[in-house]
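What follows draws every value from the coordinates through simple rules; no lab data is involved. Just so you know, these numbers come straight off a predicted model, no measurement behind them. Because the Cβ atoms are built from the backbone with ideal geometry, glycine has one as well, and the counts that use them run over all protein chains shown.
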Amino acid sequence: MTDFNACPCGSLKQFFACCEPCILEKELANSAEQLMRSRYSAYVVGAIDYLVDTTHLSTRANYKREDIENWSKSTKWLALEIVHSTATTVEFKAFFVGENNTKETHYEKSNFVFENGKWYYVDGSFY
C-alpha cells in the first residue's frame, strides 16, 4: 500500500504489521484505540473508503467523502499522540501542516461503538 516502514500511528511497529491490515480489511480493529490509530493512518495514506466504512451509520451522513478526501490529501500529517483512552473513547492529538503551511494540532476526544463484531467511530468533541 505504501513504502512506510514505521506505522504513521506512532506505535513503533512497522506499518504492514500494525495499521495496514485493518486498512486493507484483512483484520478488524480489536479496540477503539486500534481503530482510532488505523483511522489516523488511513488519513496519512489516503484510504478514504476505510474512513467512510469505519464511521458508524448513525453519523456517517455528517461526514462528506469529498471533505474527508480533501483534508487527507491537502494535509501533511506529522504525528499522532494518544492522550487517554477508555474502552469506548480515545482522546488524541494529531499534528499536521495544513494548507496555509503552518503547524497545527487537531485535538479530539472521539467516541466509538462496538457493533456486530466491529468497531466504529461515532463522533467527537474538539478542543
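Quick notes on this one:
- Residue in region 78-127 that is surrounded by the most Cβ atoms within 10 Å (Cβ to Cβ), counting only those that are over 15 Å from the mean Cα position of the chain (by Cα) and of a type in the set (Asp, Glu): Glu104
- Failed criterion for Gly10 (all others in (1) in a loop (DSSP other than H, G, I, E, B); (2) crowded, with 22+ Cβ neighbours inside 10 Å hold): (2)
- Of all the listed residues (Lys103, Lys76, Lys64), the sole one being within 21 Å of Ser11 (Cα to Cα) and basic (Lys, Arg) is Lys76.
- Selection count, region 13-23, where residues are in contact (Cβ under 8 Å) with a residue 12 or more places away in the chain, assigned to a loop (DSSP other than H, G, I, E, B) and either more than 17 Å from Ala94 (Cβ to Cβ) or of a type in the set (Asp, Glu) (or both): 0
- Number of residues in region 24-42 that are assigned to a loop (DSSP other than H, G, I, E, B) and closer than 17 Å to Asn5 by Cα equals 1.
- Number of the condition not met by Tyr40 [criteria: (1) in contact (Cβ under 8 Å) with a residue 40 or more places away in the chain; (2) loosely packed, with under 13 Cβ neighbours inside 10 Å]: (2)
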